[in-house]
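I have placed the structure first, in the form of structure tokens, so that the comments after it can refer back to it.
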Amino acid sequence: KNEVEQSPQNLTAQEGEFITINCSYSVGISALHWLQQHPGGGIVSLFMLSSGKKKHGRLIATINIQEKHSSLHITASHPRDSAVYICAALEGDMRFGAGTRLTVKP
Amino acid sequence: KAGVTQTPRYLIKTRGQQVTLSCSPISGHRSVSWYQQTPGQGLQFLFEYFSETQRNKGNFPGRFSGRQFSNSRSEMNVSTLELGDSALYLCASSLDPTGRASYEQYFGPGTRLTVT
């Protein structure tokens, strides 16, 4: 069993839909990262959080430390949100989820 | 500010050779981490350097090594290349002024290594 599990693996949505990607981890962490990777490989760090909730534009990330669970929400999804979203748990080293491939259709 | 830069961007090597990849962090960033990404294993942590010292290491064989210089630039080296080392190698830098490692990471574009 992976230490960081993401669901779903693949997600297809229509433009405008509300999207949720989930991440569960089994290790103790000092922080959890949400990353976005576009085709071609470039990775952008979306959020780093250790408690509560963060919001940036249409993106919202939440974390529940007791339940060892985090969610990434995208409101009013757009085709440019199509990418792979990866959660990563940081405790000394970084442990990555397998990623969620999101496709948003116009 | 310039972002994280990695050189070279693409590299083709033969089995048994060695390779050195370079990463220049964002100015002022003291922490540099290295990652390997393959289609089969996904993203995996290689090692992290902070102020010229290796602070954390992932579960990779000793053929993978790295170092960090006083200007925070970092290099990683892979000796005796194997076909399975073909991957995208990413580095990321972090400000980390307190040395507690819980700071946002900024990723470079990666070096795509192909071993034939």
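Where a number appears in this text, it was derived from the coordinates with a stated rule and is not lab data. Quantities reported herein were computed from a predicted structural model and do not represent experimental measurements. A quick note on method: Cβ atoms are made from the backbone with ideal geometry, for glycine too, and the neighbour counts reach across all protein chains shown.
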Practice item. Among residues belonging to region A:30-42 that are touching a residue at least 12 places away in the same chain (Cβ under 8 Å) and at the interface with chain B (Cβ under 9 Å from one of its Cβ atoms), point out the one that is farthest from residue A:95 (Cα to Cα). Key: A:37
Review point. Given the residues B:84, B:40, which is the only one that is assigned to a loop (DSSP other than H, G, I, E, B) and more than 14 Å from the chain's Cα centre (by Cα)?
Key: B:40
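Could you please give the count of residues in region A:71-106 that are outside any loop (DSSP other than H, G, I, E, B), within 14 Å of chain B (Cβ to nearest Cβ) and among the hydrophobic types (A, V, I, L, M, F, W, C)?
Selection size over region A:71-106: 9.
For region A:74-84, which residues satisfy the criterion of being over 16 Å from residue A:4 (Cβ atoms) and either β-branched (Val, Ile, Thr) or buried (at least 16 other Cβ atoms within 10 Å of the Cβ) (or both)?
Passing the criteria: A:74, A:75, A:77, A:81, A:82, A:83.
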Revision key, fill the gap. Taking region B:57-81 and keeping only residues that are in a loop (DSSP other than H, G, I, E, B) and within 13 Å of the chain's Cα centre (by Cα), one is left with B:58, B:60, B:72, B:73
Revision key, fill the gap. Going through region A:50-106 in order, the residues found to be among the β-branched types (Val, Ile, Thr) and free of Cβ contacts under 8 Å to residues at least 40 places away in the same chain are A:60, A:62, A:63, A:65
Practice item. Take region A:9-23 and flag every residue that is surrounded by fewer than 19 Cβ atoms within 10 Å (Cβ to Cβ) and under 22 Å from residue B:44 (Cβ atoms). Key: A:9, A:10, A:22
Practice item. Could you grab me the full set of residues in region B:16-37 that are among the polar types (S, T, N, Q) and away from chain A (no Cβ under 12 Å)? Key: B:17, B:18, B:20, B:22, B:24, B:27
**Study point:** Residue that is nearest to the other protein chains (Cβ to nearest Cβ), among those in region A:54-65 that are of a type in the set (Lys, Arg) and surrounded by 14 or more Cβ atoms within 10 Å (Cβ to Cβ)
**Key:** A:54
Check your understanding: residue A:68 versus (1) within 13 Å of chain B (Cβ to nearest Cβ); (2) on the phi > 0 side of the Ramachandran plot: which is the lone unmet condition?
Key -> (1)
